[in-house]
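I have placed the structure first, in the form of structure tokens, so that the comments after it can refer back to it.
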Amino acid sequence: MDERKAPVDDGLGDLEPGTRQRTQLRVRVADIAWTAACAVLALWAVWTAIDLARGATAWAYCAVAWLLLAVALTVRVMAVRRRTSL
């Protein structure tokens, strides 16, 4: 039988500052945050549009929701095209 050494626990290991994995982690977290922000804004925009269609008088909230969603999506698309993260 082989006697194998148990793996040594180095703490964070590959996620130490300056490593490639650390850079990829930052980009991934930024992607998740932007996706969540766009999803929340989209839900808010749709909700306010439905309320507006039902006869609610909160048209300003609807306009602001759609405007913020458009701005967030535009900034995100520009960042992806430039290959940068926000």
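The values are calculated or read from the model by the stated rules, or taken from the named source; none is laboratory data. Predicted model, so just to flag it, every value in this text is computed and none were measured. Note that we place each Cβ from the backbone using ideal geometry, even for glycine, and neighbour counts take in every protein chain shown. When the accessible area is computed, the model is the full protein with side chains, heavy atoms only, and any ligands, DNA or RNA have been set aside. Shrake-Rupley method; radii C 1.70, N 1.55, O 1.52, S 1.80 Å.
Can you work out the accessible area per residue across the range 22-84, with the rest of the protein chains kept in place, probe 1.4 Å, in square angstrom?
Solvent-accessible surface per residue comes out at 77 Å².
Note the full-extension length gain between Ala70 and Thr23 as 0.36 nm times their separation in residues minus their Cα-Cα distance, in nm to one decimal.
Here the segment from Ala70 to Thr23 would lengthen by 14.1 nm.
Between Arg83 and Ala49, what is the spin-label point distance in nm, taking each point 7 Å from the Cα along the Cα→C-beta axis?
About 3.4 nm, to one decimal.
Which order do the peptides 53-66, 34-47 take when ranked by the mean count of other beta-carbon atoms within 10 Å per residue, highest first?
The peptides rank, most packed first, as 34-47, 53-66.
Select from Leu69, Thr48, Trp34 the residue farthest towards the positive end of the dipole of the range 22-84; place +1 on Cβ of Lys and Arg, -1 on Cβ of Asp and Glu, and compute about the Cα centre.
Trp34
Leaving ligands, DNA and RNA out of it, report the carbon-plus-sulfur percent of the accessible area of the range 25-86 at a 1.4 Å probe.
Carbon plus sulfur share of accessible area: 72 percent.
Just add up the charged neighbours of Ala36: K/R +1, D/E -1, any other residue whose Cβ is under 13 Å from the Cβ of Ala36.
Combined, the nearby Lys, Arg, Asp and Glu give +1.
Roughly what percent of Cα-Cα pairs across the range 22-84 reach past 20 Å?
39 percent
Net charge near Gln24, counting Lys/Arg +1 and Asp/Glu -1 over other residues with Cβ under 15 Å of its Cβ?
+2
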